[in-house]
Structures are given as structure tokens and as C-alpha cells.
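This report concerns only the one structure given below.
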Amino acid sequence: MTDTARLVARAEALLARLETLLPADPTPDWNASIAFRWRRQRGPLGTRPLLQPVRNLAPIGLDDLQHVDAQKRAIEDNTRQFVAGRPANNVLLTGSRGTGKSSLIKACLNTFAAKGLRLIEVDKDDLVDLPDIVDLVAGRRERFIVFCDDLSFDEGEPGYKALKVALDGSISAQSDNVLIYATSNRRHLMPEYMRENLEAKHQEDGEIHPGEATEEKTSLSERFGLWVAFYPFRQDDYLDICAHWLRTLGVADRQIEAARGDALRWALERGSRSGRVAWQFAKDWAGRHAARGAGKTTSPRKGPAAGR
């Protein structure tokens, strides 16, 4: 090997090593999935953003979500408007845990994916990257839901202000192919304290004006155009959901009727009659009885991944 060839080989090896240190292009293979996760990976030069395709999606459908008809209709209609290119709102889903908030968003993704809907899941800590995410998908023909699950903030967190700006506060217009859907157990996304009520101002005409701390906390949730509230299930609703998932797992109707008592005890032990608890009971009951040979069950398909 000549000196020139040896020098070229060393230069190529050096360039290859340098390429591993350079920031990676966050643009994914858009054909790899209909859902993506925004992640930051640590490297020798710090963290770098990546948009990772989600390979295995929960095949939950809208029909799997029971006793949330009004909520389902509101989210489905808003999403249908969005994928059709008509005006639609950012959405905040709040209320009781395990009632199907995040599952409803995933079901909408499965329903409208063929019409170009895509989902990007973003952790609370990465909300500061929202402008970069919007720029990344700008100009694409797909419609993107930026999904923030189980969202809540403590005072001073940077993601709080970043989300406010992204919703309705930037000097630039909001991209027409991006909406933000968030779920939370808190209506105003931040903890509320008794002392804040003391800041309220009482006017001479009897009006009450909230203090600045309260106004600041409500200002974020008010930037979502559509609020959808979820409530605890009644006992009969919970049993219907248990029956649905047992039937999905291949349990016969006769056995489903016999499982009602076990379902109620399961909920009592957990202090909740949520959709998530119903799904967990159905998996446990179907699995135990299939192992005993007490009934035939089909291969279970995946139920709600989160059920919040």
C-alpha cells in the first residue's frame, strides 16, 4: 500500500469516527410506523433528539371503549375534522384514572391511520422540544397528533411554559397539520393549594376575582380548545366492561356470568371500578381458568396499553 492510499484509509477511518459524534438526523422512516416516540439519547457530545418508530401498537378500537360514549363522540368528531383538513381543537382529557383517556387516543389513531393520521408521543420533560417537532413535520401531508400522556407539572418546570407557547402564544401561526392531545388526572395540570384561595379579591359588588397564582394555573388548560372529562364507572358499567374483555379473550357467556362475583371482589380489593381494573381482572380470570381447563380461550389480543 502506497503512502497516499494509507493516508486516504486513515482519513476515511477518522471521518467514520467523527460521524458517530455528530448529531443524528431526527427524521425517521415515516413508513416504518403510524406512531413515533420523541426521545433524547445521550452521546459523547451530549444528548441528541430522535424520533423513534413504535413497532408494536396496541390494536385497541373505538368499540372496545365502553360507557364513555359522549367522550368518545367528542374526540372522534374532533379527530375526523382534523384528518379531513377542517378546523379542529387541541384536546385535554381529564378525570378519573383508568377510565380510558389514553386508550381513546390510541383507538382514534388506529381508526384514522389509513386517512393519514400519525401520532408522536412526547414525555413531559421533552416538551421544550415542541418547536423542533413542529418544524420537523411541517409540510408533510400526514396529520400529526402530539400526544402527552399523564401530564402534570410542578411549579417552575420548563415544559409548562413551552406547552403554553405551543398551544397559543408563539409569534408564528400554529401548524395546521399538528394538534396536541394531552391526558391528565388534574383539570388544571398543576397542584392547587388552600393558601391560593386566600389570594382571591372580593369586589364591592360581590364579584370574586382569583389570585395571580390561580390565574396562572388555569391559563394553561384554557388554551386547549376542547376539554373532555371522564368520571368513575358505576358497578353495572364496570361489570359490562369486564364482560367485554372476557369475551374478547374467548371466555364463553356462561362463564362470564359466573365471573361477576370475582370481578366485584377484584375491584373491591383495588378500591377502583375503572376500565383498567376490568382489563386486569379479565386477563387474570381468563388466564387462570384456561390453565385449569375450565374453559376454552382464544389467543388474547392486546387490550388497552394504558387505559388512563
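Tabulated data for the structure shown
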{"quantity": "Residue within the stretch 79-91 that is exposed (fewer than 11 other Cβ atoms within 10 Å of the Cβ), assigned by TED's automatic domain parsing to the domain that holds R223, outside any helix (DSSP H, G or I) and modelled with pLDDT of 85 or more present", "calculated": "yes"}
{"quantity": "Whichever residue in the stretch 270-308 is surrounded by fewer than 17 Cβ atoms within 10 Å (Cβ to Cβ) and at pLDDT 95 or above and, among such residues, is farthest from K106 (Cα to Cα)", "calculated": "D284"}
{"quantity": "Of all residues making up the stretch 59-78, the number that are part of a loop (DSSP other than H, G, I, E, B) and polar (S, T, N, Q)", "calculated": "1"}
{"quantity": "Filter pass, I133 being in contact (Cβ under 8 Å) with a residue 24 or more places away in the chain and either part of a strand (DSSP E or B) or under 20 Å from F233 (Cβ atoms) (or both)", "calculated": "no"}
{"quantity": "Residue satisfying condition, being modelled with pLDDT under 65, part of a loop (DSSP other than H, G, I, E, B) and either out of contact with any Ser or Thr (no Cβ under 8 Å at 6 or more places or on another chain) or surrounded by fewer than 16 Cβ atoms within 10 Å (Cβ to Cβ) (or both), within set E216, E192, E155", "calculated": "E192"}
{"quantity": "Criterion: of a type in the set (K, R), under 13 Å from the mean Cα position of the chain (by Cα) and under 25 Å from A58 (Cβ atoms) - qualifying residue of R73, R143, R80, R118", "calculated": "R118"}
{"quantity": "Neighbours by Cβ (under 6 Å, 6+ apart or cross-chain): first from the stretch 66-91, over 30 Å from R234 (Cβ atoms); second part of a helix (DSSP H, G or I) and not hydroxyl-bearing (S, T, Y)", "calculated": "V83/F112; V83/K115; A88/N78; A88/Q81; A88/F82; N90/L167"}
{"quantity": "Residue within the stretch 96-108 that is more than 22 Å from F230 (Cα to Cα) and among the β-branched types (V, I, T) present", "calculated": "no"}
{"quantity": "Selection within the stretch 1-46 - acidic (D, E) and modelled with pLDDT under 75", "calculated": "D3, E12, E19, D25"}
{"quantity": "Contacts under 6 angstrom Cβ, first residue in the stretch 97-121 being more than 19 Å from I180 (Cβ to Cβ), partner among the hydroxyl-bearing types (S, T, Y), 6 or more apart", "calculated": "G98/S274; T99/S274"}
{"quantity": "One residue from V68, V137 being more than 28 Å from R273 (Cα to Cα) and either at pLDDT below 95 or aliphatic (A, V, I, L, M) (or both)", "calculated": "V137"}
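The values are calculated or read from the model by the stated rules, or taken from the named source; none is laboratory data. Just so we're clear, the structure is a prediction, and the values are computed from it rather than from any experiment. Using ideal geometry, Cβ is built from the backbone for each residue, glycine included, and neighbour counts are taken over all protein chains shown.
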